[in-house]
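Quick notes on the structure that follows.
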Amino acid sequence: MKSWINHIKVDEHYTSHLYMQIYQQIKEIILSKELKNNERLPAVRKLATSLHVNTVTVVKAYDLLERDGLVIKRIGSGTYVNYDAEELIGAVPMDDEWEQSQIRQLNQLSERNITVTSDTINFASANPSPDLFPVEDFKKALLEVLERDHGFAFGYQDSRGYGPLRNRVAELAKKNGIHTTSEDIQIISGAQQGIDLVAKGLLQPGDNVLIERPSYSGAMAAFYSRGARLRDIGMEKDGINLTSLEKAIKETRPKLVYLMPNFQNPTGISYTPEKMKKIIELSETYDFMVLEDDYVNELAFFGEPSHSIKSFDTHQRVIYIKSFSKMFMPGLRLGYIIVPKKIFNALVLAKQATDISTSGLLQRALERYFYHGMWERNIKQLTEEYYKRFCHMKSIMEKELPYGVTCLLPRGGLNFWLKLPDGMEASELYSRALDKNIVFAPGSLFYLNHPVRERLRISIAAVNEKQIETGMHEMIRLIEQFNSSGNIKPINRGQLEPIL
Ligand SMILES: Cc1ncc(COP(=O)(O)O)c(C=O)c1O
């Protein structure tokens, strides 16, 4: 037996699984280049005997090394070190570099906590402003629960969620073309928790996760916190680039692919049904799960129905997360997941370990809110209000976008994704706008690495028509000043680029 094997120590009293201990130690040995390229690792049975563990434990450890690309398994021959893999997965941040990018992400997240006052024009927030919250209706629903359930409203709830609410949510999903039952529903304290639970229940350190480029930074942070390794795949006007996606899938064998197929955050891009179906096919061929974050599918402004990848999911590959923040009240922290059966238990365990259950009082009140038909009324009102804002923003952009600025025109949702003239950094514009009490989201927040510094996201969720008018005219003035003061020489008129 090779000498390096004597250095591997396993201890069943450690909190991490035995296979993780073996995987991590062999990974370190390989990465420190102690082994030769193509060197054969010990046979599974031999290593298991020498470490006094089960053969399945070693198989699992070798599987993880294979997924990292650090070894290659040759059927009937054995498992071999593969240093070429480092080049193969070079685009994925590793070790130090990975830690650095983790820190960068955390910094980016804290940058999100911008201080806004009541007179700030807030293009940064993608959540409705408090004047749009249906407070009176929700108060009625709350009172009804208190009068009906008394103390029961304050007990621990089933970790999967309050049964009657799960029924209503399943009905709601059916209206959106998803065939499901309450048995598949997990109630969550907001979509962010949902993403975190999926990461917690499904991912092991070192697992690969593919995301869109750009993507939602809260999801990146959740995946990182579980030790996942991320790679981003570019977007086209009808969704993720499938050629790049398939290439990355082949190279990294991801466990999870995280997508926002309707009015993607931040670009506003929506996937065509064809792309959605192709993603299901890929998940079957290459054996991964899709995490679909459908945060604002309700806001389709051009008449066509919005689709979901889940509605095409014939093979239980899609974990579907729906937030109630954008179309209801973010502070309630409510949402749901439709969970494929094979991972339901893992998710309930993750939920139990996280917060036992989502507030029973709020779940019961939401159920009453649905029961009285207030939900549909609220969605209708919000959609009408957002549509007005959307049209106002669009018309300003159509007429007045400064030279060199481009913007994707989404077919719905809350976000406009702009690009400033080359060389004009959004962070600089951000500082100048902040002086005028205007905030927006600099694009760098949405990139895993190598941000496009000229990008920014403008959201219409928390600004009324008057604020859109005042805020955009000020922003346009600032960009024009910036244009003429610097070395930047934009050549094209500003333009809105329609999204398919
Ligand atoms: C795409 C996306 N998913 C999830 C979330 C988190 O939503 P929630 O408030 O439901 O946790 C956000 C919040 O901004 C988001 O933009």
*Sequence-separation-based contact order of the range 3-88, relative, with Cα cut under 8 Å and 6+ spacing, percent*: 29 percent
*Along each of its three principal axes, how wide is the spread of alpha-carbon positions in the range 260-382, in whole angstrom units, largest first?*
43, 41, 26
*To the nearest 20 debye, what is the magnitude of the charge dipole of the chain about its Cα centre, counting +1 on the Cβ of each Lys and Arg and -1 on the Cβ of each Asp and Glu?*
820 debye
*Could you please rank 296, 209, placing first whichever residue has the fewest other Cβ atoms within 10 Å of its Cβ?*
296, 209
_I need the phi-derived Karplus couplings for the range 152-161: 6.51 cos²θ - 1.76 cosθ + 1.60, θ = phi - 60°, integer Hz, Gly and Pro marked x._
4, 5, 10, x, 5, 9, 3, 4, 6, x
_In Å, descending, principal axis extents of the Cα set of the chain_ = 76, 68, 40
*Arrange the following residues from fewest to most other Cβ atoms within 10 Å of their Cβ: 17, 473, 150.*
150, 473, 17
*Let a ≥ b ≥ c be the square roots of the eigenvalues of the Cα gyration tensor of the range 297-366; is it rounded (a/c under 1.5), or, if not, prolate (a/b larger than b/c) or oblate?*
oblate
_Could you tell me which residue out of 254, 330, 475 lies farthest along the dipole of the chain toward its positive end? Charges go on the beta carbon: Lys and Arg +1, Asp and Glu -1, centred on the Cα centre._
254
*Leaving out same-chain residues fewer than 8 places away, which aspartates and glutamates sit with a Cα under 13 Å from that of residue 174?*
184
_Report, in listed order, any pair from 60/351; 2/33; 322/466; 399/419 with a Cα-Cα distance greater than 20 Å._
60/351; 322/466
*Percent of Cα-Cα distances greater than 22 Å, calculated over the range 178-291*: 32 percent
*Spatial separation of Cα centroids for the range 1-49 and the range 408-424, in angstrom*: 49 Å
*How about the range 21-54: which trypsin sites (Lys or Arg not before Pro) there are in a DSSP loop, with at most 12 other Cβ atoms within 10 Å of their Cβ?*
33, 36
*Mind ranking 385-398, 351-364 by how tightly packed they are, going by the mean number of other C-beta atoms within 10 angstrom, highest first?*
351-364, 385-398
*asked:* Given the options 17, 194, 270, identify the residue whose Cα lies farthest towards the positive end of the charge dipole of the chain (+1 on Cβ of Lys, Arg; -1 on Cβ of Asp, Glu).
replied: 17
*Quick one: what does P(r) look like for the range 247-331 with 5 Å bins over all Cα pairs, in whole %?*
3, 14, 24, 24, 18, 10, 5, 2, 0
*Quick one: order 249, 343, 121 by neighbouring beta-carbon count within 10 Å, fewest to most.*
343, 249, 121
_Inter-part distance where the range 115-130 and the range 139-154 are each reduced to a Cα centre, Å_ = 32 Å
*On the first, second and third principal axes, largest extent first, how far apart are the outermost C-alpha atoms of the range 151-372 in Å?*
55, 43, 29
*Straight-distance crosslink candidates among aspartates and glutamates, where the alpha carbon sits under 14 Å from residue 9 and sequence neighbours closer than 8 are dropped*: 28
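No value in this document is a laboratory result; all are computed from the given coordinates. Source: prediction; values computed, not measured. Note: ideal-geometry Cβ built from the backbone for every residue, glycine included; neighbour counts use all protein chains shown.
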